[in-house]
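Nothing in this text is a laboratory measurement; each read-out follows from the coordinates by a stated rule. A quick note: this is a predicted structure, and the numbers were derived from the prediction, not measured. Cβ sites come from the backbone with ideal geometry, for glycine too, and all protein chains shown count toward neighbours.
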DNA sequence: GCGGATCAC
DNA sequence: TATGGTGATCCGC
C-alpha cells in the first residue's frame, strides 16, 4: 500500500486527537492551532501516532455509517410530527425537575501543582508540571504554553523549553486531600468524593440549620479550605450534580459560580454550552454528535427529530435531560459494596521475550495480591490486559470456581491467558479481578440485612433527596462508613474510596445512558500471529475467530508425537518449544516453566541440556525453576515482530 | 461470561 | 528520547 507522505496529510480531527483529551478543558491558550501543530509534528511517525491515526480513520468511517443510517431514517418521514411528539416527552421530563436541593461541586485548582508549591514556594510564577513520563498536572503558567495533563513530557518540553518537570509525591497529595475532605464534611458528612481533588456536597441541610445563603456558605467553605491548607478551590452551585460540575469550571481558578434555580435560566444556560462539557460525553461522542449537527446542548433540541429516529445510537432521553439540565441530585458517600473490580497494570519499554513478559506479569500479580490483601477483597474472575507495541489493547478473561487473591494464582491464570497470544510484543501488562467478595464485610452483615430492604425501597422509588435532613437512620449508616474509613489504608493509591462514578449523575434510574454505542465489532485483529492454539480446549477456553482462517497450519503441523496421551480434548502447544502436549493447563504451565528454565540455563551456560518431558513434581519444581531464572542473566531475546493489521 | 470501546479522574 | 494507572459501564455477541 502506498504511503502518502504523512506531511500535510493531517486532518483536523487527527490534529485535534493528537492534542489530547484535556484540550478544551480550561485556560485556552491563544494559539491552540500553533500548539496543535507542534504536538502533531512531535508525534508524527511514532507508533502512538500511527495508532491514533487508525483510530481516527475508524471513527471517520463510523461517522459515515451513522450519516447513512440517518439519511435512510429520515426518508419520507414527517419530521414536524416527530418534533411534536418529542416536545411532549420534554414536558414529561420537565416535570421531573427537582430544584429543592442545593448541590455544590468543588474542584481543587491545579491540585498536584499547588501542593508542590506548598513544599517549594520558589516555584511560584514559574511554568512547571507534575508527573513522570506523562504529565499529571501543569501549573497555570505552564498551561499558557499549551502544556496539559496527559501530555508526554518530551512534547511539553517542546512547547515550553523552560518547563520544570517535577516528580509526583502522592503522599503529599493524599495528605492534603484528606485535610480538604475533612473540612468539607463539616458541611455535608455524606460528601461524595470524585477522585482526590473534587467531589460533591448537598449543603441544603447545612444552609437551613445555619440560615445561610448558598453563596455565603460556599465562600465560607472555600475560605476555610484556603485558610487551613493554603490551597484554592473552585466551586459550582446548582440544583443537581451535573450542573454543579459544569458550574465549578466557570470561574476557575479560585472562583465560584451559582446557577439560578429556575428552569428557564437553566435551559438557557445549557443552550450555549458545548456538549463536550457534559460529563459522559468524551471526544468520540463529541465527534459523532457533531456529525449530525449537535455541537451545543441547545442543538439537541434543534435536532430532536433526528435524535429521536436514531435513539438507538444516541440515547434520546439522556440527551434531552442534558438539554434541559436535569440530572441526579443524590449526593451520597462511596460504599465499599459498590466496588466492582480491583487491578494493577504497568507500562514498560516494549518486550517480546516470554521470560521478560512473565517477569512483568509476576510483578503485577504481586502488586495486585498486595492491594487485594490490604483492602480486603477476593474475586472469581481474572482478566489479563495487554497493550501491543502498536498501542492496540486487548483483554482476556477467565472465570473460576473459587476465590483468588494470591499472587501465585493470579500469576498462573495470567500466564494461562497470555500464552495463547504469545508471539507478541507488548508495552503494558495488567491483571484485574472482578466478581468480588468483600473479605471485610462479615461484621456488618447483620446491620446490612437489617437496613437492606429499607435502602432498596429508597432507591427504588425515585426519592427526592429532600429527606436528607436530620434523621436517625443515617447515624447507623454513618457507623458503617466509619468502618470503611478504617480500612482505607494510605497505600500506594489512596484513591480507594474516591471512586464514585461521575457518569452516574445522568444514569439516575431510567435512562439508557450509553450515548452512542460503537457499531458492531469493528473487526479487531487478535494480536497473536501464531496459529498454534488451534487445537481444541475445554469448551470455554477462547477460540477467537481470527482474521486469518481457522489456522490449522503451524501448530498442528509441528505436532510431534510427544506424549501419546489419549484425550485429544486437552492439548496445548508450548509457546517456548512449540511442542504439542496432551495435558491440562496445570501440566502445560509446568512444562512451560521447565522449558523456560532450560532455555535460560542453556543461554547462560552455553550448554545444551537434555529435555525431560515428563515433568517431575509441580510446585517445588516451578518455584525452583523460576527462582533460578531470576538469578541468571539472560541474553535478551530478539524482539519478535508483532505484525500489525493491514 | 467475554472482549472491545468509551469515559472520568 | 519511547504517550499513565485505576475503575466503571455499555454493547454485542
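Annotations for the structure displayed:
- Peptide ranges A:96-104, A:247-255 listed from the most packed, as the mean C-beta count within 10 angstrom indicates: A:96-104, A:247-255
- Likely footprinting exposure, A:442, A:168, fewest C-beta neighbours within 10 Å first: A:442, A:168
- D by Stokes-Einstein for region A:224-283, Kirkwood Rh over Cα pairs, 10 °C, 1.306 mPa s: 127 µm²/s.
- Placing R0 at 30 angstrom, the Cβ-Cβ distance between residue A:54 and residue A:349 gives a FRET efficiency of 0.85 after rounding to 0.05.
- Note on residue A:178 and residue A:284: their simple-model spin labels are 3.8 nm apart, each label 7 Å out from Cα toward Cβ.
- You can think of it this way: the chain between residue A:210 and residue A:311 has 31.8 nm of extra reach, that is 0.36 nm per residue less the Cα-Cα gap.
- Remark: region A:336-443 projects, on average over all directions, an area of 6.6 nm² (convex hull of Cα atoms).
- Zone residues, region A:271-311, relative to residue A:69, backbone N less than 17 Å from point 7 Å out along Cα-to-Cβ: A:282, A:284-294, A:304-311
- Between residue A:41 and residue A:162, the contour length at 0.36 nm per residue exceeds the alpha carbon distance by 41.6 nm.
- Residues A:106, A:257 arranged by fewest to most Cβ contacts within 10 Å: A:257, A:106
- Cα-Cα separations in region A:12-74 greater than 19 Å, expressed as whole percent: 44
- The fewest-to-most ranking of A:383, A:395 by surrounding Cβ atoms within 10 Å reads A:395, A:383.
- Taking the centroid of alpha carbons for each part, region A:63-111 and region A:270-295 are 11 Å apart.
- The slack between residue A:88 and residue A:11, meaning 0.36 nm per residue of separation minus the straight C-alpha distance, is 23.6 nm.
- Estimated FRET transfer efficiency when R0 is 41 angstrom, pair residue A:153-residue A:338 (beta carbons, to 0.05): 0.75
- Only Cα sites of region A:103-258 enter the Debye sum here, all with the same form factor; the resulting log10 I(q)/I(0) across q = 0.15 1/Å is -0.77, listed in q order.
- Calculated FRET efficiency for the pair residue A:441/residue A:77, C-beta based, R₀ 45 Å, to 0.05: 0.25
- Debye equation applied to the C-alpha atoms of region A:199-248, log10 I(q)/I(0) at 0.24 Å⁻¹: -0.97
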